[in-house]
Amino acid sequence: MLANYLIGLREGLEMALIVTILVAYVVKLGRTDVLSKLWIGVGVALVIPLAIGALLTWGPYGMSFEAQEILGGTLSLVAVGFVTWMVFWMGKTARTMKSTLHERLDSALVGAGWGVVVLAMLSVGREGIETSLFVWATVSSTGGSWEPAVGALLGLLTAAVLGVLLYRGMVKINLGAFFTWTGAFLILVAAGVFAYGLGDLQEAGIIAGGAHAYDISGAIPSSSWYGTLAAGILNFNPSPTWLQVIAWIGYLAIVGYFYVRQHRSSGRTAPVAKAAEASAPQAPIAS
């Protein structure tokens, strides 16, 4: 639950920042007449990930075991790809996110402003779809338990509250440090999802099964509280195959290296922190 809470909190806070930037800019320009359109776009963007999550949860029923494993493994790898891209995208574009959204909003405000619906839907929806896929992948890896989904929902709700408080200037957060450390944590979680997805494809016969690298289920039973905790947070597998072990280590080594390199080259968290904090406007939301 903790891992998915942090996933929901991070992704939700990104969505909250995008919404506050859009709302503040609309208010600043005096175009409060398009606020309702903006909220329509945000609403649609939130419904789409829920629909995707429901489809992925109940859609596979009736499929063969092999088909379910292929679907689950493939989508787990897609989710890892999305999250990896998102982590690096945030580190690269945080400093220009505000100005980019302003430029796009200027174009969307032409005429009656219906382009705002599309802009809000695309800007927020991308984050929502990434969250939906990644949370679904972690729920699948824990045997279908609803605790990860509950954790993600609580994280999103917390992010919504923080977004409002940031907008009204009632709280300040070092957003640069927050995104840096949660990004590192997401890479660790994604490594487990990556290994799990490959395991699904092995069970489906798409990839050669291979021998198990080790089996420590006797020392760390999956049914124990600490085994469940490790599986829920890090997708820990007490009996992985050699491919899963190599994939886990390889993903952490390669992605971790480039992540550290990115943040060192950008002066660690300082530029991101300044840009992210500047993205949290202080003006009240107009009705």
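The values are calculated or read from the model by the stated rules, or taken from the named source; none is laboratory data. All figures in this text were calculated on a predicted structure; none of them were measured in a lab. Here the Cβ positions follow ideal geometry from the backbone for every residue, glycine too, while neighbour counts run over all protein chains shown. SASA here: full protein model, heavy atoms, side chains in, ligands and nucleic acids out. Shrake-Rupley method; radii C 1.70, N 1.55, O 1.52, S 1.80 Å.
May I ask for the percentage of alpha-carbon pairs in segment 87-244 that lie more than 21 Å from each other? Intermediate results must be reported in sequence, preceding the final value.
On the way: 7540 of 12403 pairs.
Value for segment 87-244 (Cα pairs over 21 Å): 61 percent.
With a ≥ b ≥ c the root eigenvalues of the C-alpha gyration tensor of segment 1-105, is it rounded (a/c under 1.5), prolate (a/b larger than b/c) or oblate?
prolate
Roughly how many Å² is the accessible area per residue of segment 122-213, as a whole number, for a 1.4 Å probe?
Roughly 41 Å² per residue, with all protein chains present.
For segment 73-139, state what percent of all Cα-Cα pairs lands in each successive 5 Å bin, counting from 0 Å until the bin that includes the largest distance.
Using 5 Å bins, I get a P(r) of 3, 16, 19, 19, 16, 13, 9, 4, 1, 0 for segment 73-139.
With a 1.4 Å probe and all protein chains kept in place, how do Glu14, Glu203 rank by accessible area, largest first? Intermediate values should be presented prior to the final figure.
Numbers: Glu14 5, Glu203 115 Å².
Listed by decreasing accessible area, they come as Glu203, Glu14.
List, in the order given, every pair from Lys37/Lys172; Lys28/Lys98; Lys28/Lys92 whose Cα-Cα distance in the structure shown is over 23 Å.
Lys37/Lys172; Lys28/Lys92
If packing is taken as the mean number of other Cβ atoms within 10 Å per residue, what is the order of 161-172, 128-139, 236-247, highest first? List each step's numbers first, then the result.
Details: 161-172: 15.8, 128-139: 24.4, 236-247: 18.2.
The most tightly packed comes first, giving 128-139, 236-247, 161-172.
Which distance in nm do the two modelled labels at Ala51 and Ala219 give, with both placed 7 Å along the Cα-to-Cβ direction?
Result for the modelled spin labels: 4.9 nm.
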